[in-house]
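The values are calculated or read from the model by the stated rules, or taken from the named source; none is laboratory data. In this text the structure is predicted, and so the values were computed from the model without any measurement. Counting neighbours? That spans all protein chains shown, and the Cβs are built from the backbone with ideal geometry, glycine included. Accessible surface areas use protein heavy atoms only, side chains included; no ligands, DNA or RNA. Shrake-Rupley method; radii C 1.70, N 1.55, O 1.52, S 1.80 Å.
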Amino acid sequence: MKYYNNIIETIGNTPLVKLNKVNKGIPGTILVKAEYFNPGNSVKDRIAIRMIEDAEKDGRLKPGGTIIEGTSGNTGFGLALAAIGKGYKCIFTMADKQSKEKIDILRAVGAEVIVCPTNVAPEDPRSYYSVAKRLNQEIPNSLYPNQYDNLSNTAAHYDTTGPEIWRDTDGKITHFAASVGTGGTISGTSKYLKEQNPDIVTVGLDTYGSVFKKYKETGIFDSNEIYPYLTEGIGEDILPQNVDFEVIDHFIKVTDKDAAIMARRLSREEGLFIGWSCGTAVHGALEYAREHLKEDDVMVIILPDHGTRYLAKIYNDTWMKDHGFLEDRAFKTARDIVH
Ligand code: PMP
């Protein structure tokens, strides 16, 4: 019989898939790593189980404990799945810009979710960072994994994502690209890949309204770079310890609109039904590839999550139009023609 002992064992070993349409005219082989094949439909399953198991090993998490995390949804889902098998409770704090689907999914797998305002400073007591920290102080036998500064996050990618990419490309990868939130994905994967071949170039995809690109280029944490944006799960108004700027060679910023349009193209033209930040990753990575890739190069781009969580946003034509992301021409449907 061939089976897994529990759902946790199915995490990782996600497929690499070649892009065929959206990269038309761009040299090189461009592969995406489809992280939505994980059981929680995102890259974050990898870090969730690692943060829990590291905390169990060093005694920070004991049987019957409660896991409390500030999460845009994907880490929460991974933590909730892992917690079910291991008998822990979960409480998550989320910013109110996150999609309703993400909140509903977390509640569906038994977690308690507290929704906090998005546009307050991280140190404000109402922010989702502050609320998570306060709950951790007040609830006995609770663990606050803190995916931003917990280096088990980077370690999970160093030990799994990096080796999988190296193995599946037979060591032929020349460029690696990922969108950056906590930084764990890009830092752990890039560190592993660069140890195998220091010539590999790593491109981080950032969003307008986030501090990473400016910080990498100038060393200055510029608060003028911080303003509201819509793309979920990426960009920060803090510098998480999991962002290792040493192993990221370049940053490119992508707008909410370009990311949304590319996500929709990936779904329709490649059959990759993926999330908004996947659009950020591919739009930005292709911008880099158009300028710098050669025919023999192999680029791998991480696709962090699945499209279902964004049905009411980027996959909804009315929402897209209301945000000025769809031109009238593109909005014309068969129904408009028939009537
Ligand atoms: N995209 C989405 C949808 C995410 O939830 C995250 C995690 N915050 C990322 C991208 C970025 O991954 P990382 O935190 O490893 O930088």
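List of remarks:
- Subtracting the Cα-Cα distance of residue 134 and residue 268 from their residue separation scaled by 0.36 nm leaves 43.9 nm.
- Residue with peak Gaussian network fluctuation, the chain [Cα springs, cutoff 10 Å], from 266, 79, 205: 266
- For the pair the stretch 93-135 / the stretch 190-264, the C-alpha centres are spaced 23 Å from each other.
- The slack in the chain from residue 335 to residue 244, taken as 0.36 nm per residue of separation less the alpha-carbon distance, amounts to 27.8 nm.
- Net length available on complete extension from residue 195 to residue 115 is 24.7 nm, with 0.36 nm assigned per residue and the Cα-Cα distance removed.
- Area of residue 306 that stays accessible when all protein chains are in place (1.4 Å probe, Å², to 10): 40 Å²
- The GNM of the chain, with springs linking C-alpha atoms under 10 angstrom apart, assigns the highest mean-square fluctuation among 197, 316, 38 to 316.
- The chain, accessible surface, carbon-and-sulfur percent (1.4 angstrom probe): 51 percent
- Low-density loop cleavage sites - trypsin sites (Lys or Arg not before Pro) in the stretch 1-96, where at most 13 other Cβ are within 10 Å (DSSP): 2, 21, 24
- Per residue, the accessible area of the chain comes to 44 Å², computed with a 1.4 Å probe over protein heavy atoms only.
- Bridgeable aspartates and glutamates around residue 97 (alpha carbons under 12 Å apart, same-chain partners fewer than 8 residues away excluded): 232.
- Simple label model, 7 Å out from Cα along Cβ direction - residue 108 to residue 124, nm: 3.1 nm
- Distance between the pseudo-spin-label points of residue 1 and residue 20 (7 Å out from Cα toward the beta carbon): 3.8 nm.
- To the nearest 10, the accessible area of residue 167 is 130 Å² with a 1.4 Å probe.
- FRET efficiency for the residue 221 to residue 151 pair, using the beta carbon distance and R₀ = 22 Å, is estimated at 0.60.
- GNM result for the chain, Cα springs below 10 Å: residue of 275, 209, 78 fluctuating most strongly: 209
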